[in-house]
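One structure is given below, encoded as structure tokens.
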Amino acid sequence: MSAALLDRAALAAVRELEAEDDVAFGVRLLANTPTHEGRDPELLRHWARTADAFGAALPPVPATARIVESDGGLTKGLLARYTSRPVPTVELFTDTLALAEELIDLLGWREWYPAGSVRAAAIAHEAVHERLHHGPAKKTLKQALNHVVLRAGRHTLYGHVAGADEIAAHAHARVVCGLGRSPLLLTAALATAAEPQHGSATGSSYGREK
């Protein structure tokens with residue numbers, strides 16, 4: 001990436017993103033997720049804080065999924081993707097990783113995202129998806145979010161909060177990789193930088209297929 005790719009308007013947009021706190025990115029992610037249209041912003045902020053705290057508190061565990069590298073992430077709007085079949089796999093998109101590293105240097109964010117940390121954070125992020133998919137943490141996260149959809153006597157049914165697992169995964173990656181800011185800031189900046197050239201941007205740059 002060259003400085004010309006991040007034009008004046010894009011640079012100003014990224015600097016505005018930089019001024020937001022990390023929870024605000026979680027709120028933004030939830031607000032842009034289907035099923036949350038019209039939800040109370042304070043409820044979204046509560047869920048974002050809860051999911052962030054949940055992910056940050058998860059103990060680190062070695063990733064058990066196989067790691068593969070591919071090109072073409074920018075056209076998909078993805079930095080990494082977790083798939084569970086036929087075998088658990090984390091796919092890292094090398095072109096998006098390279099753009100992220102160049103963008104960090106251009107913006108002076110190296111103190112927040114040390115060299116090599118973006119790749120490590122992507123693996124840690126996807127490891128949380130693997131854990132939420134296969135282990136008891138999914139139920140624990142639902143209980144922490146306290147999105148009650150039904151109560152019947154002593155029984156309580158907690159609903160799924162779409163996007164909360166993404167926030168938890170980003171928070172976990174921030175903590176275990178020693179990042180100064182959430183990866184959500186970096187992915188939002190990536191979307192801003194990639195959109196003019198590639199016409200494809202996401203709010204998360206991470207994907208999941210079950």
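The values are calculated or read from the model by the stated rules, or taken from the named source; none is laboratory data. Everything numeric in this text was worked out from a predicted model, so none of it was measured. Note that each Cβ is placed from the backbone with ideal geometry, even for glycine, and that neighbours are counted across all protein chains shown. What goes into the accessible areas is simple: the full protein's heavy atoms, side chains included, and nothing from ligands, DNA or RNA. Shrake-Rupley method; radii C 1.70, N 1.55, O 1.52, S 1.80 Å.
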Q: Would you kindly calculate the mean projected area, averaged across all directions, of the convex hull enclosing the Cα atoms of the chain, in square nanometres?
A: 12.1
(Q) Checking a compactness column here: for the range 4-129, what do you get for Rg(Cα) / (2.2 N^0.38 Å), N being the number of residues? (A) 1.18
Q: At 1.4 Å probe size, with every protein chain present, just tell me what the per residue accessible area of the range 1-127 comes to in Å².
A: 50
Q.
If each DSSP helix of 4+ residues adds -39,500 (n - 2.57) and the sum is divided by the residues in the chain, what number results at 222 nm, nearest 500 deg cm²/dmol?
A. -17000 deg cm²/dmol
Q: Compare the peptides 149-158, 102-111 by average per-residue count of other Cβ atoms within 10 angstrom and give them in order, highest first.
A: 102-111, 149-158
Q | Protection proxy ranking of 172-178, 40-46 - average other beta-carbon atoms within 10 Å, highest first | A | 172-178, 40-46
Q. So how strong a dipole does the chain carry about its Cα centre when Lys and Arg Cβ are +1 and Asp and Glu Cβ are -1, to the nearest 20 debye?
A. 1060
(Q) Counting only protein heavy atoms and a 1.4 Å probe, tell me what percentage of the chain's accessible area is made up of carbon and sulfur. (A) 55
Q | Cross-link reach list, aspartates and glutamates versus K138, counting only Cα pairs under 13 Å and skipping chain neighbours closer than eight places | A | E130, D165, E166
